[in-house]
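Worksheet: the structure to be examined is printed underneath.
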Amino acid sequence: MLSRPLRRLAPVLGVLSLCGGAGVWSAWSLAATVQIGPQTNAGDWRSKLTPLLPVSGQMAQVMETRARFSMTEVRRRVLDAGGDPRLLDQMQVSAERGMAPLYDKRVKISEDDFRRYLVIQQELQPSGKLVRLSVLKSSSRLTFGDAGGTALLRGISLDLGTGEMRFPEGYSALPEAFNITAAQAAAAEDPLGKRSGYVWKVRGNTPVTFTALNGHFALLSLSDGSVLISYNRNGIVNGTVSSGNLILNFSREGTNPNAK
């Protein structure tokens with residue numbers, strides 16, 4: 001599974017406005033998603049989706065985001081300006097602990113420049129919490145349940161013939177292919193590496209029932225052989241506003257979350 005931090009997910013899952021707003025997984029926009037139309041036949045979809053799908057009872061690691069501060073460019077600028085390298089070392093210690101380094105005039109660059117060159121990223125790391133996935137699968141459909149800790153996924157169903165995903169709020173979305181090559185990941189210094197899979201961007205609004213949904217669901221195969229499943233949503237159901245975010249990582253080789 002994931003033995004190292006997953007970086008450059010900034011944000012990993014951005015909050016979406018029900019009116020439209022910015023897209024999620026913005027740091028993964030290195031490769032454009034391509035809409036896959038309904039003309040794709042059932043056999044093709046089943047073969048493409050099956051390697052990404054969990055089995056019922058499979059254990060998954062809950063992932064979480066943590067702040068990370070990169071001082072590479074700050075260090076270069078400060079040293080060029082004749083700033084104190086010992087002060088940089090102290091700032092580096094704070095950055096490695098996930099704390100924002102504080103500006104000090106002894107770095108000999110302006111505070112505005114200091115903030116400009118300090119790169120704030122998010123790491124995606126295992127939280128240490130495991131959940132058991134619950135899915136009900138028939139010959140044509142997979143539906144997520146909740147065995148504890150995955151309530152956000154409950155009721156989401158995937159048509160294995162068409163690739164269409166349906167959500168409990170009554171809306172649906174077709175998949176879009178997603179791919180980042182090893183070269184693209186290397187150019188971005190992205191330790192997630194090569195990955196591919198599908199995303200479902202669901203949008204819906206029913207004023208009569210005061211119901212709306214703006215969400216992003218993803219199933220991605222990572223370079224270590226594991227699968228990242230995520231769901232981020234903002235919604236209104238019967239006039240009640242709610243939001244949620246869940247990121248899971250599981251092995252495709254069985255129910256052992258540490259399987260390689």
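Observations on the model:
- Residue tally, condition more than 15 Å from the chain's Cα centre (by Cα), open to solvent by less than 60 Å² (accessible area, probe 1.4 Å) and not polar (S, T, N, Q), over the range 186-221: 5
- Considered as a group, the residues in the range 234-254 that are of a type in the set (S, T, N, Q) and farther than 24 Å from Glu164 by Cβ include one that is farthest from the chain's Cα centre (by Cα), and that residue is Asn238.
- Residues of the range 148-183 satisfying the condition of being loosely packed, with under 15 Cβ neighbours inside 10 Å and touching a residue at least 60 places away in the same chain (Cβ under 8 Å): Thr181
- Residue, farthest from Met59 (Cα to Cα), within the range 222-233, restricted to residues that are within 12 Å of the chain's Cα centre (by Cα) and of a type in the set (Ser, Thr, Tyr): Tyr231
- Sole residue being in a loop (DSSP other than H, G, I, E, B) and aliphatic (A, V, I, L, M), chosen from Met63, Met99, Met91: Met99
- In the set Arg75, Arg115, only one residue is among the basic types (Lys, Arg) and in contact with a Leu (Cβ under 6 Å, 6 or more places away or on another chain); that residue is Arg75.
- Restricting the range 98-145 to residues that are open to solvent by 30 Å² or more (accessible area, probe 1.4 Å) and among the hydrophobic types (A, V, I, L, M, F, W, C) leaves a set whose member that is farthest from the chain's Cα centre (by Cα) is Leu102.
The values are calculated or read from the model by the stated rules, or taken from the named source; none is laboratory data. Values in this document were obtained by computation on a predicted structure and should not be read as measured data. Please note: Cβ atoms are built from the backbone with ideal geometry, for glycine as well, and neighbour counts cover all protein chains shown. Keep in mind that these areas ignore ligands, DNA and RNA; they rest on the heavy atoms of the full protein, side chains included. Shrake-Rupley method; radii C 1.70, N 1.55, O 1.52, S 1.80 Å.
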